[in-house]
Amino acid sequence: MRIRFLGAAGEVTGSCYLIETTQATVLVDCGMFQGARSDHERNRDLGIIRPEALDAVVVTHAHQDHTGRLPLLRGLRASVHATPATVELSRIMLEDSARIQESEADRENRWREREGKPQVEPLYRREDVDAISARWSGLQLGQTREIATGVQLRFQEAGHILGSASVILDVTEQGALPKRIVFSGDIGQHGMPFIRDPDLCASDADLVVCESTYGDRDHRASAETFEELAEILRQAAWARHKVLVPAFAVGRAQLMIHAVMELAREGRSPQVPVYLDSPLAVKATKLYTSFCELLDDELQNACRVGALARDLAIAKPVLSGAESRELNELWEPMVVIAGSGMCNGGRIVHHLRHNLWRHGVQVVLPGFMAQGTLGRALVEASQGRRTHVRIMGQEVLVRAKIHTIGGLSAHAGKSGLLNWIAGGYQGRTKPKLALTHGEAEPRHALAIAAKARVGVDVLEPMHGDTIEL
């Protein structure tokens, strides 16, 4: 049996793993590479993946770095297995992604036509999304399904976003002992509001593939983080500042709305207008009340009686581009939550372009920012390592105050990851451990800590590497 690492190996985007046995070929995630300029061409190249030869595709959760290249699997005849919430979220996210791909290609082609250059094709079109949408197959957490000859699938709670799951594959080949492979997906923090806590890694694993996004550090305690956010909101309201929050449409946007609402209700920060400037996030937010059973204990009842829907509705939806542009002309205390989460696209880029150079603006970065993204450049600006950032080909002076509050991250910190990994060592075997979905330094730090904690060598595979079981 071979496991090939085709993405998120030494980086945090492009999650993609190919499992090949004597009887079956299974793909786990097919994510988009994000951050670097070269990623546009990388995303077009499926490499050794032959969609028509796949017996099954498994998806951990709906974020683009795990699903964004699924529509490129043209000719796929196999089912795409995910939790029901991931199925619904992925459908709307991929539709939105196709719309953006087509729009950007049309805009580029207008310039190319004037210059006499060849036309470009979008990464994929809506008909590609329609084709992959017909392949989805929902599987509830904890249930088991045979997805290919000799391959049993089970999902367990990952605690990252709505519907997120870790993947357990039990593989039986003729003449060989059964093998268990566990893919973490993205592991969430314990004790965070909204989503349930992650389950520990399944025991008796032969290979554990674990993310390492924050492998070198722990987050601040959530209570301290919420107090820091409350202080930012208090100061912004008193100074009549605008607060810009880049957020992923699924997970982070809903958490930020909930946090702002809770702080205002408790009297810890003033009530100010909150705008949700992302049509995709507006659609995703409505889905949260359709999956009450996936929320934490505190919110499940609020969801069932309609209180959660009312709370989320405090954020005013901004649907059209014209409405979004109008926010840049308003100078009053407000919170604008807009995509994308790493500032590498979406409406937040336009807000930053119009507002970063101004006084009276605060930017809250509530999560991880990958190398090469505008979000990472803003982190560097907050650390005094740069004074300007490049947006849409222009150098923009950073006068706005930049805050990084990693305690609201949807990813577990170092201790949480180590606790999760340790679960895989509770059975009769000592599995191989492969760390992915992390940049070089955090991943290597987690490798050292995991070796000390569980006493085995840890693999740090790079793109194209293979592990044999």
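The values are calculated or read from the model by the stated rules, or taken from the named source; none is laboratory data. Because the structure is a prediction, the values reported are computed rather than measured. Backbone-built Cβ (ideal geometry, glycine too); neighbour counts: all protein chains shown.
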> Which members of region 282-296 meet the condition of being part of a helix (DSSP H, G or I) and acidic (Asp, Glu)?
Replying inline: 293
>> For region 8-19, check the following and say yes or no: at least one residue is farther than 28 Å from residue 216 by Cα and crowded, with 17+ Cβ neighbours inside 10 Å.
In response: yes
>> For region 179-204, give me each residue that is more than 15 Å from the chain's Cα centre (by Cα) and among the charged types (D, E, K, R).
In response: 179, 180, 196, 197, 199, 204
> Considering 35, 75, which residue is of a type in the set (Gly, Ala, Ser) and more than 22 Å from the chain's Cα centre (by Cα)?
Replying inline: 75
> For region 104-119, does any single residue satisfy the condition of being within 16 Å of residue 64 (Cβ to Cβ), among the aliphatic types (A, V, I, L, M) and not assigned by TED's automatic domain parsing to the domain that holds residue 292?
Replying inline: no
>> Taking the conditions exactly as written (of a type in the set (Phe, Trp, Tyr) and at pLDDT below 90), does residue 288 satisfy them or not?
In response: yes
> Here are some residues: 402, 421. Which one is farther than 25 Å from residue 230 by Cα and in contact with a strand residue (DSSP E or B) (Cβ under 6 Å, 6 or more places away or on another chain)?
Replying inline: 421
>> Could you check region 66-100 and list, in sequence order, the residues that are acidic (Asp, Glu) and either at pLDDT 95 or above or outside the structural domain of residue 146 (by TED's automatic domain parsing) (or both)?
In response: 88, 95
>> Out of everything in region 384-411 that is part of a strand (DSSP E or B) and either basic (Lys, Arg) or touching a helix residue (DSSP H, G or I) at 6+ places or on another chain (Cβ under 7 Å) (or both), what residue ends up being surrounded by the most Cβ atoms within 10 Å (Cβ to Cβ)?
In response: 389
>> Among the listed residues 322, 313, 302, 307, identify the single one that is at negative phi, without any contact (Cβ under 8 Å) to a residue 12 or more places away in the chain and touching a Leu at 6+ places or on another chain (Cβ under 6 Å).
In response: 302
>> What's the number of the only condition in (1) more than 30 Å from residue 157 (Cα to Cα); (2) in contact with a His (Cβ under 6 Å, 6 or more places away or on another chain); (3) not in a loop (DSSP other than H, G, I, E, B) that residue 364 fails to meet?
In response: (1)
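What number of residues in region 29-53 are of a type outside the set (Gly, Ala, Ser) and either out of contact with any Gly (no Cβ under 9 Å at 6 or more places or on another chain) or assigned to a loop (DSSP other than H, G, I, E, B) (or both)?
Initial filter on region 29-53 (of a type outside the set (Gly, Ala, Ser)): 29-30, 32-34, 37, 39-46, 48-52.
Retained after the next criterion (residues that are either out of contact with any Gly (no Cβ under 9 Å at 6 or more places or on another chain) or assigned to a loop (DSSP other than H, G, I, E, B) (or both)): 32-34, 37, 40-41, 44-46, 48-50.
Residues in region 29-53 being of a type outside the set (Gly, Ala, Ser) and either out of contact with any Gly (no Cβ under 9 Å at 6 or more places or on another chain) or assigned to a loop (DSSP other than H, G, I, E, B) (or both): 12 in total.
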> Within region 274-288, can one find any residue that is outside the structural domain of residue 91 (by TED's automatic domain parsing), free of Cβ contacts under 8 Å to residues at least 24 places away in the same chain and within 30 Å of residue 140 (Cβ to Cβ)?
Replying inline: yes
> What is the one condition in (1) surrounded by fewer than 20 Cβ atoms within 10 Å (Cβ to Cβ); (2) in a helix (DSSP H, G or I) that residue 378 does not satisfy?
Replying inline: (1)
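Residue-wise test of (1) surrounded by fewer than 19 Cβ atoms within 10 Å (Cβ to Cβ); (2) part of a loop (DSSP other than H, G, I, E, B); (3) assigned by TED's automatic domain parsing to the domain that holds residue 314.
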| position | (1), (2), (3) |
| --- | --- |
| 180 | no, no, no |
| 190 | yes, yes, no |
| 201 | no, yes, no |
| 209 | no, no, no |
| 231 | yes, no, yes |
| 244 | no, no, yes |
| 250 | no, yes, yes |
| 258 | no, no, yes |
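Which of the residues that make up region 348-361 are assigned to a helix (DSSP H, G or I) and either over 24 Å from residue 39 (Cβ atoms) or without any contact (Cβ under 8 Å) to a residue 60 or more places away in the chain (or both)?
Here is the first cut: in region 348-361, the residues assigned to a helix (DSSP H, G or I) are 348-355.
Residues satisfying the conditions are 349, 350, 353, 354, 355.
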> Across region 148-171, which residue is surrounded by the fewest Cβ atoms within 10 Å (Cβ to Cβ) among those that are among the β-branched types (Val, Ile, Thr) and farther than 14 Å from residue 83 by Cα?
Replying inline: 149
> Somewhere in region 285-296, is a residue β-branched (Val, Ile, Thr) and in contact with an Asp or Glu (Cβ under 8 Å, 6 or more places away or on another chain)?
Replying inline: no
>> Looking for something in contact with a strand residue (DSSP E or B) (Cβ under 7 Å, 6 or more places away or on another chain), farther than 23 Å from residue 70 by Cα and not acidic (Asp, Glu) - is there at least one such residue anywhere in region 147-158?
In response: yes
> Is it fair to say residue 240 is basic (Lys, Arg), touching a residue at least 40 places away in the same chain (Cβ under 8 Å), surrounded by fewer than 24 Cβ atoms within 10 Å (Cβ to Cβ) and not assigned by TED's automatic domain parsing to the domain that holds residue 290?
Replying inline: no
> What number of residues within region 207-231 satisfy the criterion of being within 19 Å of the chain's Cα centre (by Cα) and hydrophobic (A, V, I, L, M, F, W, C)?
Replying inline: 2
> Which ones in region 426-465 are in a strand (DSSP E or B) and touching a Leu at 6+ places or on another chain (Cβ under 9 Å)?
Replying inline: 432, 433, 434, 435, 458, 459
> Hey, among the residues in region 412-425 that are within 13 Å of residue 214 (Cα to Cα) and part of a loop (DSSP other than H, G, I, E, B), which one's nearest to the chain's Cα centre (by Cα)?
Replying inline: 412
